[in-house]
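Written out below as structure tokens is the structure these notes cover.
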């Protein structure tokens, strides 16, 4: 039986951007989940808090679009955040079908604590990169994210 080297499974795979992005994602995601395990915040819930904090009054539909999930999925997420006392839904007077989202003081505090843990997690994982390399990495990833397909 052939043993696959842990860090070099295949020269062909190692040369593929998609493979490396996926492997990096798994590493980052696993560490993120460990960092926020005690806060019980998934990457999606953390991202939802960040977006509502940055855009008070954001609608559930706009949040779903920003997160790239179905509108039906956002309802369960907001229900969970609301159940924890982190967000409130406010009716929009001009359109009673829309709900504007806002962080509560408990949500602000939970986000502040979680953000510190996420920043520490990224510093730990990316400690081998200097500031210029981090900026370049973010720039490249954003170019991929925002390209027209």
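A short reminder: the numbers here are calculations on the coordinates, not readings from a lab. The shown structure was predicted, so the numbers you read here are calculated from the model rather than taken from an experiment. We place every Cβ from the backbone using ideal geometry, glycine too, and count neighbours over all the protein chains shown.
Our summary gives the chain a relative contact order of 20 percent, counting only alpha carbon pairs under 8 angstrom and 6 or more residues apart.
Comparing 80, 108, 135 in a Gaussian network model of the chain (Cα springs below 10 Å), the most mobile by mean-square fluctuation is 135.
Given their separation in residues at 0.36 nm each and the Cα-Cα distance between them, residue 120 and residue 26 gain 32.1 nm when the chain is fully extended. Rg/Rh for segment 14-146 stands at 1.02; both radii use Cα atoms, and Rh follows the Kirkwood definition.
Would you mind checking the tilt of helix 131-146 against the longest principal axis of the Cα atoms of the chain, expressed as 0 to 90 degrees and rounded to 10? Relative to the chain, helix 131-146 is tipped by roughly 70 degrees. Taking 31, 12, 79 as the candidate residues, the one with maximal mean-square fluctuation in a Gaussian network model of the chain, Cα springs under 10 Å, is 12.
Given their separation in residues at 0.36 nm each and the Cα-Cα distance between them, residue 67 and residue 144 gain 26.1 nm when the chain is fully extended.
Between residue 88 and residue 33, the simple label model (points 7 Å from Cα in the Cβ direction) yields a spacing of 3.4 nm.
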